[in-house]
Amino acid sequence: MQDVLRCHNIHKSYHDGRNVTPVLHDVSLSINAGEHVAILGSSGSGKSTLLHLLGGLDTPSSGEVHFKGKSLNSLSANALATLRNEEMGFIYQFHHLLGEFSALENVAMPLRIRGLSASAAQEKARAMLDEVGLSHRLDHLPAEMSGGERQRTAIARALVTEPSVVLADEPTGNLDDTTGDQIYKLLTALSEQKRTAFVVVTHDISLAKKMDRVLRIKDGRLVQSSAEEV
Ligand SMILES: Nc1ncnc2c1ncn2[C@@H]1O[C@H](COP(=O)(O)OP(=O)(O)OP(=O)(O)O)[C@@H](O)[C@H]1O
Ligand SMILES: [Mg+2]
């Protein structure tokens, strides 16, 4: 099976002025098309850091991330932005919606960036917001939505482009069990149609147990875990 996303011997330290914070050591990971992977780990263990590296939002201190065999390091900023728009859906831990735009406009945004007309982008965005149960909140600004509604809008924005890989940072953290389950069903439906791979950072044990593979970050290293351990 072809891997869609792969990282090899990644190290990451943050350097802020005089402080060096080592976070990840020698992390290697390969994710196949259509595969669902959960990443667990205590707060501050480096889960968001790893997801940002896999999504090309940050660069490793050493080591490389490859998307479909292409090194992210080798791409220009523009080429990376295009690849991210066309192939990746990123669900941020803190949603990162644009505050001055409505739910509908936020979800339509990646499609507009891709060159779709406003009406075509909004039609797809409306359908995706309907899927996450938000057809009654299309015109609300992020500040006019609940935490879970903002999170679902961010999920809709990540899925609307039908990416090959979705990187999700605690996507169900703000959702009740039933809504979380609906989101999981939406992810798996997309995965079945498009062979979308998912890397999901979560504290939600029941969600992790549904994944093909469960990994854990411990002392900066990525270790195989199992449903029994979670
Ligand atoms: N820009 C930064 N500069 C310096 N240190 C950072 C920076 N970003 C994160 N860190 C540190 O790196 C470590 C890992 O952070 P990260 O956000 O990846 O953790 P996490 O596993 O996602 O935690 P949580 O479950 O709380 O979201 C933390 O100790 C954090 O303080
Ligand atoms: Mg985090």
Q | Alpha carbon convex hull of the chain, projected area averaged over orientations, nm² | A | 12.9 nm²
(Q) Just to verify a number: what accessible area does LYS124 come out at with the full protein assembly present, 1.4 Å probe, Å² rounded to tens? (A) 100 Å²
Q: Output ³J(HN,Hα) for region 135-150: one whole-Hz value per residue in order, computed from phi by the Karplus curve 6.51 cos²θ - 1.76 cosθ + 1.60 with θ = phi - 60°, and x for Gly and Pro.
A: 5, 8, 10, 4, 9, 7, 6, x, 5, 9, 10, 6, x, x, 5, 4
(Q) Which of PRO142, PRO22, PRO163 ends up with the largest GNM mean-square fluctuation for the chain, with Cα atoms connected below 10 Å? (A) PRO22
Q | Total charge dipole magnitude, region 84-137, about the Cα centre, Cβ charges on Lys, Arg, Asp, Glu only, Debye to nearest 20 | A | 60 debye
Q: Would you work out the relative contact order for region 18-153, in percent, from Cα pairs under 8 angstrom that are 6 or more residues apart?
A: 18 percent
Q) Under the Karplus relation 6.51 cos²θ - 1.76 cosθ + 1.60, θ = phi - 60°, what is the ordered set of whole-Hz ³J(HN,Hα) values for region 36-48, x standing for Gly and Pro? A) 10, 10, 9, 10, 10, x, 5, 4, x, 6, x, 5, 5
Q) Which value, to two decimals, describes the C-alpha radius of gyration of region 1-50 once divided by 2.2 N^0.38 Å? A) 1.38
Q: Could you list the square roots of 5 times each eigenvalue of the Cα gyration tensor of region 56-145, that is, the equivalent ellipsoid semi-axes, sorted largest first and rounded to whole Å?
A: 29, 15, 11
(Q) Looking at the calculated P(r) for region 134-230, what percent of the C-alpha pair distances fall above 16 Å? (A) 60 percent
Q | Alpha-carbon radius of gyration plus Dmax, which is the widest Cα pair, for region 164-221 in Å | A | 11.8, 37
Q.
Under 20 Å between alpha carbons: how many lysine pairs meet that in region 113-230, if sequence neighbours fewer than 8 apart on the same chain are excluded?
A. 7
Q. What does the helix-only formula give at 222 nm for the chain: each DSSP H stretch with n ≥ 4 adding -39500 (n - 2.57), the total divided by the residues, and the result rounded to the nearest 500 deg cm²/dmol?
A. -10500 deg cm²/dmol
Q. Quick one: how many Å² of PHE101 are accessible to a 1.4 Å probe, rounded to 10?
A. 70 Å²
Q.
Please give the Cα centre distance for region 104-176 versus region 1-44, rounded to the nearest Å.
A. 26 Å
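The values are calculated or read from the model by the stated rules, or taken from the named source; none is laboratory data. For clarity, every value in this text was computed on a predicted model and none was experimentally measured. Here the Cβ is made from the backbone with ideal geometry for all residues, glycine too, and neighbour counts use every protein chain on show. Calculation scope for accessible area: heavy atoms of the full protein, side chains included, ligands and nucleic acids excluded. Shrake-Rupley method; radii C 1.70, N 1.55, O 1.52, S 1.80 Å.
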